[in-house]
1. Mean 1/r over all different Cα pairs, inverted: what Kirkwood radius does segment B:378-451 give, in Å?
2. Please compute the average number of Cβ atoms from other chains found within 10 Å of each residue's Cβ in peptide A:149-161.
3. Going by average Cβ density within 10 Å per residue, which order do the peptides A:182-195, A:216-229, B:245-258, A:435-448 take, highest to lowest?
4. Would you mind checking the radius of gyration and Dmax of chain B based on alpha-carbon positions, in Å?
5. Quote the total accessible area buried by chains B and A together, excluding ligands, DNA and RNA, probe 1.4 Å, nearest 100 Å².
6. Mind listing, in residue-number order, the residues in segment B:316-358 that have at least 50 Å² less accessible area with every protein chain present than in their own chain alone (1.4 Å probe)?
7. How much of the accessible area of segment A:150-292, probe 1.4 Å, is carbon plus sulfur, in whole percent?
8. Just how much of B:Asp603 is accessible, in Å², when a 1.4 Å probe is used and the result is rounded to the nearest 10?
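The values are calculated or read from the model by the stated rules, or taken from the named source; none is laboratory data. Keep in mind it's a predicted model, so treat the numbers as computed, not measured. Don't worry about glycine lacking a Cβ; one is built from the backbone with ideal geometry, like all the others, and counts go over all protein chains shown. For the accessible areas, the whole protein counts, side chains as well, though only heavy atoms, and no ligand, DNA or RNA atoms are used. Shrake-Rupley method; radii C 1.70, N 1.55, O 1.52, S 1.80 Å.
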2 protein chains.
Amino acid sequence: MASKKEVATAKITILPEKKEVLLPVGENLLRALHEKGFDIPSPCNGAGTCGQCRVRFEQGAPPPTDGERRLLNSQEIEDGWRLSCLHKVEGAAAIYPTVQTGELDTKAQVDSFLEVEDVDPGVSAHFLELSPPGRNDQRADLLRVQEGLGQELVAPLPILKKLPSILRGSGFSLTVVKDNDTILDIVPNDHSHAVYGVAIDIGTTTLACYLFDLVSGRQLAVAAGSNPQKTFGADVISRIGHVRKQKKGLEELQRLVVNALNELIARMARKVKIATSSIYKVTVVGNPTMLHLFLGLDPSGIDHSPYVPVIQDGLTTRAEEVGMAIAPFAKVEVLPGVSAYVGADIVAGMLYANLGMTDEVVLFLDVGTNGEIALAVGNEIFTCSAAAGPAFEGASISQGMSALDGAIYRVTLDGDELSCAVVGEKEARGICGSGLLDAVAVLRKIGLIDKTGRLRKTEHPLSSRIEGEGTRARFLLADGVYLTQKDIREFQLAKGAIRAGIDVLLEHAAVNFDDIDRVLVGGAFGSSLFPLSLLRTGLLPPISVEKIHFLGNSAGQGAKLVLLNRKNEEKLQQLNKRINYIELSFIKDFSQRFVSCMQFPTDEQLLTLQQRNEREG
Amino acid sequence: MASKKEVATAKITILPEKKEVLLPVGENLLRALHEKGFDIPSPCNGAGTCGQCRVRFEQGAPPPTDGERRLLNSQEIEDGWRLSCLHKVEGAAAIYPTVQTGELDTKAQVDSFLEVEDVDPGVSAHFLELSPPGRNDQRADLLRVQEGLGQELVAPLPILKKLPSILRGSGFSLTVVKDNDTILDIVPNDHSHAVYGVAIDIGTTTLACYLFDLVSGRQLAVAAGSNPQKTFGADVISRIGHVRKQKKGLEELQRLVVNALNELIARMARKVKIATSSIYKVTVVGNPTMLHLFLGLDPSGIDHSPYVPVIQDGLTTRAEEVGMAIAPFAKVEVLPGVSAYVGADIVAGMLYANLGMTDEVVLFLDVGTNGEIALAVGNEIFTCSAAAGPAFEGASISQGMSALDGAIYRVTLDGDELSCAVVGEKEARGICGSGLLDAVAVLRKIGLIDKTGRLRKTEHPLSSRIEGEGTRARFLLADGVYLTQKDIREFQLAKGAIRAGIDVLLEHAAVNFDDIDRVLVGGAFGSSLFPLSLLRTGLLPPISVEKIHFLGNSAGQGAKLVLLNRKNEEKLQQLNKRINYIELSFIKDFSQRFVSCMQFPTDEQLLTLQQRNEREG
Ligand code: FES
Ligand code: FES
């Protein structure tokens, strides 16, 4: 027999469900968590090089190691993210273990935690031990269940079909899953703990799914993947074009996105070992075109004036109606939007951002293929959608790419030297949205881009990196990666559209940019943008950099809020009613405004900005 | 040019919709109605021999002709039924034109009219002429429809899928069919007049369907047919046995009945030239087994103690869920029952009979394979189901048959001579339920059956018609048609069960048979029973014959009431709550009671009955 050693243990609180585990002090944290059954990915097997074994310390974070400074950015480190393989169990701590899958999942993971005070998803499971029928109790099966639950219930026929055999096979013990008075499922014996839900954000480019335990409210897993519809075009206009041109185009696009979501959900379920048939609630956000395609509704009214969708107020249906491979009667809630271009993603983001709930003047921005913008002035909300084009998603940029390994995501100046941060610390092979923003901002700041957007050589030593001339000019960012004159034009189109939209909203609300109390930037890659770059490029009006805050994937977070608490559904509907939509394309002089907003700030404006932020920072 | 003649016209009011038509006086009534578009069947082409061109005069009935005395029974003639081909247009009259199809339809037709004061089926159609979208009106398609109707609506996905093309194909004019806040259908242009409904009575033996215009409340057509499930047994027990034994038995029985109903409905729709896709509401009654099979629910709990169905409170579903070939989202309401053996047919019949709505003591009887019995004492209702067996439906009788051509349906004494009335005035080839009752009653009255049920020869001249002895004895009713000793035993089993049930209910309610104010006899062939025979056989306790009333197909009538007015649905639920169900098989001495009730009234009792009814009549 092995001798027993006295081992000191530390109490680790696992969030968000506040479960306490005792881990042996001195043991490697990753290994200790694995031993307790936490399925934390560790492809490099604890070598500290893959960066995937992230946990977030809410409390008791150890000082970061050098390895972490390489693999995590400073914001993440400040937020408490650590690589569990690089630390030992020391003392009491409270941590969020992450469960990650796939390349894109890591990105989605950053936004994956959310605490709600009150878990009340509406969908609930009830374990019933019923008395069997007898001479003095001839109640019908359904009546027996209803009286066991103490309420009248609506039962779908397919569920009634299996009721008698479930009752008799389990000695009249069963779990009823219901949504208000509607039965969603019945299963033999006690499965009242097994009620799961998924929040889904259908992006034009990326799909993100978040799996939750609807009893505890705990997030169990995240999965993200590409939207496979993108083989039919990068933007909503080309997707709608496909529907219009191909007879079965609509069905095809629906099948593609639903199948991809089914795969992501199955992946999460496998990972945490739950049955997809125990998923009973789904909330879905996305732009209106994505939601129309998910539901199989014709989006043809969306791509031309007067831009009319089939639905805008959301829709509740059941999983089998859209082909989702979860419990067939699971409640699928497609959340409400405002117009053909301001969709549930934005409204859910507003919910998450608490927009319109304070006295402040708040500008809310979601930067993607469309720049959706909202301005809350106290209770009133103005919103519009600016056709930003796909520059921020890398699609129209010569070496543009998503924020995957090898993408330049941050460009900074170190004295006169340029420094590029690359995703995965790999060799640079392209540039993603945040890198594009930074590159343009830096080059404008040092004058290698003039206020009209033209690349030009100056006295600055980095001028030597400019090759070619005129429309063929390009700037060497890193070995083999260039920012071209055409890329800068594409960027100007995008930021010009967004800035013009912001100006129109300010005008409509009759407030000045100085009145803005906060700027909230949401959207899947919002949090990777560098605030000063937003000001230096003039994408935002010249405000204090301090006022800019990043929300992460606000759309996904909003979807989670509604998933976990039905009161948020009501809040969303209320919010929706307070939104005034402004159709930019109907504004008379919008083209002129747009063109003038493509200009960059002048040297004087840049100087003022610099001084102001130096003074304040 | 033909010269114009002055023709006198008579104003004929067409019931129940009170439409007035002017018909030329002196013209053949059938031909005049045909000319006004009434599709009245006339297979003999007006020769007065087919008996199918029936109309019922509510007012202004002409004296009956000899032909009518042959083809209609005296009750029908008294009720105002006439054959339209045998009469001329005379003066003002109010008539119900019938629309009949098929052999069984004629039977169903007798009960086919029903007037409701207030047509309010819940399902309604609304014609909307919407303004098309424009720069100042970017509302989504569904929102546009909702605001056009002035209410929020729940729209099934398949309907939303066709919404944009319907709107744009019809210049934004459409008809919305809805049930409360749920859209059942949308169709281009104005179809607000085309909303139809069907009341269905699923009998173990016979299916009856009644097609209604839900705008006017007018009955348009009737169709009846055999229940094709009967190849798997005449009674519910053998149908359940089939479900139990065959893996796909349940699906097979469901398919059979749904297909048969679809055929009947299609037949009616063709007849009156409406689209089955315009049928938006269906109410269904039947015994619990029939309703379980219709819904595809397992009836296995019904055939053994403690007799537990899957549902007893009815169910609302949509047509596509059960495979009905009408509007896919049509509301299909299976009406509520009380227990495994007292079903929606009985409860709907109680609704039609207004049971429990007065201070009276009312006995309600539905005689079929099961004798369902209800006793209302003021507000309180007691009910039970007596296993009567299939004698009344002819199934266990040696020459038993349905009330089709050739069936003896009435047996009377004319002095010492026996007289048999045969359906269709054809040669007798068998005996139906009412004929059986009469035959036994007559033979008991003249003593050829003793009080124990034994056939015996007496002084009576009809003794000569008895052939054979003991269990092989039989009585010659008509050429080639015999009533056997075994038939009499079968009859005794049926009437014994029913009478024992009646006695149990009286005892439970603590009332005496003398306290009964009225006996209401419902059921598909209830109205063909001869009241005195019910007393002479002892099926009913010895009350005054005056108290016995026939309701016709009370189940079907109840289904129609709910079809035409949703308030009746509520009434039905209220009624249902007041019903106390008594399971006869759980009553201790029920077998003894049953055996003693198989006895016929004694000679003295028959004499008293005779005197009483002679005195009163
Ligand atoms: S396991 Fe690879 S960095 Fe921790
Ligand atoms: S048409 Fe045949 S009886 Fe009138």
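1. After inverting the mean inverse Cα-Cα distance, the result is 13.6 Å.
2. 3
3. Peptide ranking by packing, descending: A:435-448, A:216-229, A:182-195, B:245-258.
4. Values for chain B (Cα only, Rg and Dmax): 26.3, 100 Å.
5. Approximately 3100 Å² gets buried when B meets A.
6. Listed by number, the residues meeting the 50 Å² cut-off are B:Glu321.
7. Using a 1.4 Å probe with all protein chains present, segment A:150-292 comes out at 51 percent carbon and sulfur.
8. 90
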